[in-house]
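Quick notes on the structure that follows.
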Amino acid sequence: MEERKVKLEIKDMTKLYDNGDGVEHINLKVYEGEIVTFLGPSGCGKTTILRTIGGFLDVTSGDITVDGQSIVSLPPEKRPTAMVFQSYNLWPHMTIYENLAFGLKLRKIPKAEMDAAIKKHLALVSMSGTEKKYPGQLSGGQQQRIASARSLLLKPSLLLLDEPFSALDAKIRQQMREELKKIQSDLGITVIFVTHDQEEAMSLSHRIVVMNKGKFEQVGTPAEIYDNPKTLHVASFIGEMNFIKKGDKTIAVRPENVSVRAGSGDDLDGTVRTIMLLGHYVVLNVQCGENVVKCNVDRTLSDSLKIGDPVTLKFTKYSEFDTEAGFVPVGQ
Amino acid sequence: MSKKAKQMLVAYGLVIPAFMVVMLTVAYPILAAVIKSFQDPKTGEFTWANYTYFFTDPVQLKNLLYTLYVVIMTVVIAIVVAYLLALYLRFTKSKIAKTIGTLYLLPRFVPAMCAVYAMITIIRDSGLINRIGLLFGKDIHLGMMYHASGIITMNLWFNIPFAALMITAGLGAIPDSIIEGARDVGAGKFKTFTSMILPLSLKDVVVASTFVFMSNVGSFTTPYLMGGTSPKMLGIALFDQFNKYLAYNRSAALSVIMFLICSVSAFVYIYSNLKEKEWEK
Ligand SMILES: Nc1ncnc2c1ncn2[C@@H]1O[C@H](COP(=O)(O)OP(=O)(O)O)[C@@H](O)[C@H]1O
Ligand SMILES: [Mg+2]
């Protein structure tokens, strides 16, 4: 494996709030030029970790290093990080220009250079010409773009983004993701991205950290996490998944990994419950005892079937987990 | 009668009593006072004399300047102290801060007379501080009675809680994320204060200042009980003109002067409200 420089390292970090909530024993290495996403349901501790990196929360124990230097004792303004907050926090009493210029002025950048940089970054987020406006005169999505531009302008070596696109509508969101990916690879910065949207995490990240209840469940590339989920929670949180209970085991199989034929005798027998045409493929729901198994099949097969037909299913690829009492798959 | 006309009648019927009360008790006396202030006490003819008196007579001029001195000192000290207190309450999350946060308004609930007498027993030359000093063999004479410093101290007792209340509300409305954003891009504590916290709370500071200013220009109880014989604050001077010298025309002129002084701060208040609109909408 190629030699890669560690940009950020979190070492056995614990952050507990006074009420006992928080995250415990967090370990993670993020390499230079990587986009790593924290993915997990709301309240699992994503923002907490991000804020300890940015310097807005003190860690209870453990260490965080950037480029090998411990940063836990530094105030936010001394850290080489820039954060885009969940609530886009533009300064309401400053124009867009002043918002963007504030950090540059602190760095004593000459005016001409500053103006050019601001112009360039406004164009980058498609917000040219808004220099004289106040944040209150922009929509939420527009404010979010300005907030992103404000952080990017400072060329941080580590960019922290806390659900930056969650308030945007689907189309702009898609655009913003692509922009972010492009900007990241152009500038070569390291990005930590927080989201509860698995699709966003999959499309954006080099690696994903799947979180649940203050703990890391799995760290891996999108493909690793999609193909080999390590826990039931990961399996249910990412992509579509069928869960079939067999005694004390639960089989997790994706709809595209079920092959279907008329008749009986393979892994699981059942009857066709519904047939839905979704463009170039067909979703077949098969009733197998008390389970309903979703299968993606092609037109030639589905055209030969009708509701109530007996079919048999073969799992070409699946994961097996110990059945967890009280486990409810996310979003199913 | 049409339905609309009836509704109109009811509406006017409801408003007229309040309107009449205001006209009779506020508008009429003000108008009468303004007219009176321009009248010669004997002949009733138009004159500026009632006004020029207060700006040319050395004693009256001194009273005017003395009042401005006391009021401005009160405003400046009360606002600075209240701002520091409000900053502490906003950014400290300790138990002590919470306790202070609930107790600091208490002075407002003490009746003015009681508070003034209580203060007098502490600061007068034979008061509490003097007694404590004597225990340690020091005979302390603060000299605050019948002196501007005593009045200002008393004014602070009344006005700091009030100003702190207004400024605390203003600071409370500044979200943490605004401050965190500033720190994030590299601003230290001082820079964050000067470029975020101060501008975002300036309006509340101005409003608090104007209220403290206005309520102290015409103050009476404190200077009456604690003030000296000369110079006097305008409230006492007005009392003298009206009750001692029965100089009603001069009294009217002095009232108008005090009103005009207050209206300066009213103007500042309205102006600052208008100016804010630029980025608020
Ligand atoms: N300031 C705080 N004080 C106490 N508990 C908090 C605080 N902030 C967050 N929490 C709790 O910590 C947990 C993790 O919160 P957070 O990191 O904001 O989650 P996420 O960003 O993943 O939605 C939640 O249970 C939340 O209620
Ligand atoms: Mg969050």
Notebook entry, point to check: If you check B:F162, B:F190, which single one turns out to be more than 8 Å from chain A (Cβ to nearest Cβ) and modelled with pLDDT of 95 or more?
Noted result: B:F190
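Could you tell me how many of the residues in the stretch A:1-54 are more than 16 Å from ligand 1 (Cβ to nearest atom) and assigned to a strand (DSSP E or B)?
Within the stretch A:1-54, the subset more than 16 Å from ligand 1 (Cβ to nearest atom) is A:1-9, A:11-12, A:27, A:29-35.
Within this subset, residues satisfying the condition of being assigned to a strand (DSSP E or B) are A:6-9, A:11-12, A:27, A:29-31, A:35.
Residues that pass the stated criteria total 11.
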Check: Looking only at helices (runs of 4 or more DSSP H) that fall completely inside the stretch A:69-153, which ones have 2 or more residues that are at the interface with another protein chain (Cβ under 10 Å from one of its Cβ atoms) and either at pLDDT 90 or above or in contact with a His (Cβ under 7 Å, 6 or more places away or on another chain) (or both)?
Finding: A:96-106, A:140-153
Next item on the list: Spot the failing condition for A:W91; the list is (1) under 21 Å from A:V191 (Cβ atoms); (2) open to solvent by less than 20 Å² (accessible area, probe 1.4 Å); (3) touching a helix residue (DSSP H, G or I) at 6+ places or on another chain (Cβ under 9 Å), and only one is missed.
Entry: (1)
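Pick out the one residue from A:T60, A:T47, A:T65, A:T14 that is loosely packed, with under 15 Cβ neighbours inside 10 Å and either within 13 Å of ligand 2 (Cβ to nearest atom) or more than 14 Å from chain B (Cβ to nearest Cβ) (or both). Outline the logic, then answer.
On the way: A:T47 fails: loosely packed, with under 15 Cβ neighbours inside 10 Å; A:T65 fails: loosely packed, with under 15 Cβ neighbours inside 10 Å; A:T14 fails: loosely packed, with under 15 Cβ neighbours inside 10 Å.
Answer to the check: A:T60.
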Note to self: Against the condition in contact (Cβ under 8 Å) with a residue 12 or more places away in the chain, acidic (D, E), assigned by TED's automatic domain parsing to the domain that holds A:R207 and away from ligand 2 (no atom under 13 Å from the Cβ), how does A:D21 come out, does it pass?
What the structure shows: no
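Given B:V205, B:V185, which one is within 18 Å of the chain's Cα centre (by Cα) and of a type outside the set (D, E)?
Values: B:V185 fails: within 18 Å of the chain's Cα centre (by Cα).
The match here is B:V205.
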Next item on the list: Could you grab me the full set of residues in the stretch A:195-214 that are away from ligand 2 (no atom under 16 Å from the Cβ), more than 16 Å from A:S166 (Cα to Cα) and not in a loop (DSSP other than H, G, I, E, B)?
Entry: A:R207, A:I208
Next item on the list: Quick one: B:F109 ticks every box in (1) under 18 Å from the mean Cα position of the chain (by Cα); (2) modelled with pLDDT under 90; (3) buried (at least 19 other Cβ atoms within 10 Å of the Cβ) except a single one, so which number is it?
Entry: (3)
Next item on the list: Can you confirm whether the stretch B:125-133 contains a residue that is touching a strand residue (DSSP E or B) at 6+ places or on another chain (Cβ under 9 Å) and assigned to a loop (DSSP other than H, G, I, E, B)?
Entry: no
Next item on the list: Kindly establish whether B:P161 is assigned to a helix (DSSP H, G or I), more than 18 Å from B:Y146 (Cα to Cα) and of a type outside the set (G, A, S).
Entry: yes
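Given the criteria within 14 Å of chain A (Cβ to nearest Cβ), of a type in the set (A, V, I, L, M) and free of Cβ contacts under 8 Å to residues at least 60 places away in the same chain, does B:M214 qualify? Before the answer, list the steps.
Details: within 14 Å of chain A (Cβ to nearest Cβ): no; of a type in the set (A, V, I, L, M): yes; free of Cβ contacts under 8 Å to residues at least 60 places away in the same chain: yes.
Here the answer is no, as B:M214 does not meet what is asked.
The values are calculated or read from the model by the stated rules, or taken from the named source; none is laboratory data. Since we're looking at a predicted model, the values are computed, not measured. Quick reminder, even Gly has a Cβ in these numbers, built from the backbone with ideal geometry, and neighbours come from all protein chains shown. Quick note on the areas: whole protein, heavy atoms, side chains included, nothing else; ligands and nucleic acids left out. Shrake-Rupley method; radii C 1.70, N 1.55, O 1.52, S 1.80 Å.
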